[in-house]
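Have a look at the structure below before the remarks.
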Amino acid sequence: MLKKNIVLRGGFLMVVLILVGCTNTGKKLQPAFESITADDLAKHIEILSSDEFMGRAPSSPGEEKTIHYLENEFTKLGLKPGNGESYFQEVPLVKMTVDPSVEIKITGNNKTLKLKYGEDFIGGTSRVVKSVSIRDSEIVFVGYGIVAPEYQWNDYAGLNVKGKTVLVLVNDPGFVTKDSTLFNGFAMTYYGRWTYKYEEAARQGAAGVIIVHETEPAGYPWEVVRNSWSGPQFYLETEDGNMSDCEFRGWITLASAKKIFAMAGLEYEKQAEAASQRGFRASVLPLKATVLVHNTVDFKKSNNVVAVWPGSERPDEYVIYNAHWDHFGVNSALPGDSILNGALDNATGTSALIELAEAFTKLPEHPKRSVLFLAVTCEEQGLLGSGYYATHPIYPLNKTVAVINMDALNIFGRMKDITSIGYGNSELDDYVRIAAKKQNRYISPDPSPEKGSFFRSDHFPFAKVGLPALYLSKGVDHVEKGREWTMEQSDKWLKENYHKPSDEYDPDVWDFTGMVDDVRLFFRVGYLLSMEDRFPNWREGVLFKGKRDAMMGK
């Protein structure tokens, strides 16, 4: 039976029809919950993150093993192909491999500085060409490289950077000042993301764009940059061959940035501090940059994996569970173990997709709406697979209820809370609150908003086109050891294992109890959405709401 729960959120009253407090409903759901087990999750994770799958790189033998493993699992469960008669959605890619002999040469003030690939900088070109050449390009320090009229901020004001190389800081001014009235305070906005820095520099006509890496504002150490952007890089195939992008895009270490500013007769710390203050004006440094990039260009294909459990009453309406199956494959430039297995990131989320699919098949009846299980490619290359589906949807977005994204699940044990990345943005939080309460848990916001996690996983491309998207992460309030312990363990794992070969499955260390709780919570959220007839929306004032309203004809 349906029971009405009235939930007051965001200054308005919302009536949510939910299936709770009913003995019959509890009995119906119990087999689904019981099917989600630590043993099953561990089995899939161990297989997907094994050396046999070679780090699950897109367009590689590792991809073939991965997508067919998922196809076989979905087939065994009785799910239908999600793309006509196929379980695959082909994603057209360009694979670019930069010659690692590339160097950046900085000249000026009768000095020369040569930056070494991997050690001092990482970079290349996204343009689909065999080589690019930037010679004696003026270097302009543009602070955070942001043009944000709504914040009355323009780092490019009065500048013409066509043909020049811009040097930019990662994150945004609010991170440094902690001023809650400046951007979003300590929490990163999209203007702080490296993707935005590249996009804006291209719009301004810069020939090159170089981001200064600092661990705290970036949210990860230099090794992550080096491991993520060295080796083959993938881009979506576009009509213009990415010729609208800057010729060169890259990162440099903090030590290299300090050397560059010293060559210019400036102190990096003072310049960075000035860049965070209103009234900052970009400056042309008395230096020039030269870089020659040689590429190997290959046109490749990768695949999103799509399976559907049809709805009984409204099969043309869809709830999506999403996780990325890819990781970085094999990087022969790394010493010792060169396989980046990606056990936590994201064999865990991929395994949860399989477990959730099985849970829905254990229900005595199909849900009213269809449930789509979407394993996307190329998350690690810039959210390309989810971005492709969001702009080339198999099913109409105005018939899609929401996306529930899963990325790097909990291996630290049971938590009192569940984290909603982007908490407060949409009405989907209300469904999470209901599901969390059934587990005697509470919903909490991102504990590290300065890292910009809302912009770093596969829910974001869906949000950008207007589709309500939920990114749930492990909680931080450990049942026995508390919040401080969990934050310490998370930071330790990030520093030691994130995007490194050491991200491997370890049955002696991993605690699956919290992961099982979370996946069961994910199931309840999706089940609630699949059994009602309303379409949750973004909250008033959230950037994406206008696109959703237009999509829904409002």
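Only the coordinates and a few stated rules stand behind these numbers; no lab work does. Everything quoted here is computed from the prediction, not taken from an experiment. Heads up, the Cβs are rebuilt from the backbone with ideal geometry, glycines too, and the neighbour counts pull from every protein chain shown.
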**Item:** For Tyr235, Tyr423, order by how many other beta-carbon atoms lie within 10 Å, fewest first
**Value:** Tyr423, Tyr235
**Prompt:** Tell me, what are the semi-axes, in whole angstrom and largest first, of the equivalent ellipsoid of region 357-453 as set by the roots of 5 times the Cα gyration tensor eigenvalues?
**Reply:** 24, 21, 14
**Prompt:** Once Lys and Arg get +1 and Asp and Glu get -1 on their Cβ, which of Ser244, Pro232, Ser490 lies farthest toward the positive end of the dipole of the chain?
**Reply:** Ser244
**Request:** Would you order Ile404, Ile106 from fewest to most other beta-carbon atoms within 10 Å of each residue's own beta-carbon?
**Result:** Ile106, Ile404
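Percent antiparallel among DSSP beta bridges with both residues in region 96-297, to the nearest 5? Kindly include the intermediate steps, with their values, before the conclusion.
Values: 29 of 43 bridges.
Within region 96-297, antiparallel bridges account for around 65 percent of the total.
Please get the size of the charge dipole for region 22-166, origin at its Cα centre, with Cβ charges of +1 on Lys and Arg and -1 on Asp and Glu, quoted in debye to the nearest 20. Please report the intermediate quantities before stating the final value.
Values: 17 positive and 20 negative charges, 116 e Å.
It works out to roughly 560 debye.
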**Sites matching GluC sites (Glu not before Pro) across region 186-250 that sit in DSSP coil, with at most 15 neighbouring C-beta atoms within 10 Å** = Glu239
**Asked** Per-residue HN-Hα couplings for region 74-81, Karplus 6.51 cos²θ - 1.76 cosθ + 1.60 at θ = phi - 60°, whole Hz, x for Gly and Pro?
**Response** 5, 5, 4, 7, x, 6, 8, x
**Prompt:** Which whole-number percent of Cα pairs in region 286-356 have a distance greater than 16 Å?
**Reply:** 72
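What's the Kirkwood radius of region 155-285 in Å, using all Cα pairs? Mind dumping the intermediate values first?
Working: mean 1/r = 0.0633 Å⁻¹.
After inverting the mean inverse Cα-Cα distance, the result is 15.8 Å.
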**Percentage relative contact order, the chain, counting C-alpha pairs under 8 Å, at least six apart** = 20
**Request:** Please work out the Cα center distance from region 318-352 to region 454-471, rounded to the nearest Å.
**Result:** 20
**Item:** Exceeding the 24 Å Cα-Cα cut-off - candidates Lys451/Lys500; Lys464/Lys492; Lys65/Lys95; Lys65/Lys399; Lys438/Lys492; Lys301/Lys399
**Value:** Lys464/Lys492; Lys65/Lys399; Lys438/Lys492; Lys301/Lys399
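For a footprinting-style exposure proxy, rank His499, His68, His213, His366 by other Cβ within 10 Å, fewest first. Walk me through the numbers before you get to the answer.
Working: His499 22, His68 14, His213 25, His366 17.
With the sparsest Cβ surroundings first, the list reads His68, His366, His499, His213.
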**Complete:** Placing +1 on each Lys and Arg Cβ and -1 on each Asp and Glu Cβ in region 399-467, then taking the dipole about the Cα centre, the residue among Val432, Ala402, Pro447 whose Cα reaches farthest towards the positive end is Val432
**Prompt:** To the nearest 20 debye, what is the magnitude of the charge dipole of region 425-526 about its Cα centre, counting +1 on the Cβ of each Lys and Arg and -1 on the Cβ of each Asp and Glu?
**Reply:** 400
**Prompt:** Out of the DSSP beta bridges found with both residues in the chain, what percent are antiparallel (nearest 5)?
**Reply:** 65
**Helical contribution to [θ] at 222 nm, DSSP H n ≥ 4, -39,500 (n - 2.57), averaged over the chain, rounded to 500** = -9000 deg cm²/dmol
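Size of the dipole of the chain about the Cα centre, Lys and Arg at +1 and Asp and Glu at -1 on the beta carbon, nothing else charged, in debye to 20? Could you put the intermediate results ahead of the total?
Details: 62 positive and 72 negative charges, 302 e Å.
In debye, rounded to 20, the chain gives about 1440.
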**Message:** Which aspartates and glutamates, if any, have their Cα less than 12 Å from the Cα of Lys362, not counting same-chain residues under 8 positions apart?
**Reply:** Glu34
**Prompt:** Along the principal axes of its C-alpha atoms, what lengths does region 368-521 span, in descending order and rounded to whole Å?
**Reply:** 45, 37, 29
**Asked** Which of His294, Ala218, Ala275 sits closest to the plus end of the dipole of region 191-304, meaning its Cα is farthest towards the positive end, when Lys and Arg get +1 and Asp and Glu get -1 on the C-beta?
**Response** Ala275
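Would you kindly calculate the mean projected area, averaged across all directions, of the convex hull enclosing the Cα atoms of region 139-225, in square nanometres?
On the way: hull surface 21.8 nm².
If I average the Cα hull's projected area over directions, I get 5.4 nm².
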**Item:** For the chain, the Rg and Dmax computed from alpha carbons only, in angstrom
**Value:** 23.7, 81
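Restricting to DSSP loop positions (anything but H, G, I, E, B) with no more than 14 other Cβ atoms inside 10 Å of their own Cβ, which GluC sites (Glu not before Pro) remain in region 275-360?
Working: sites: Glu313, Glu317, Glu355, Glu358; in loops: Glu313.
Passing sites in region 275-360 are Glu313.
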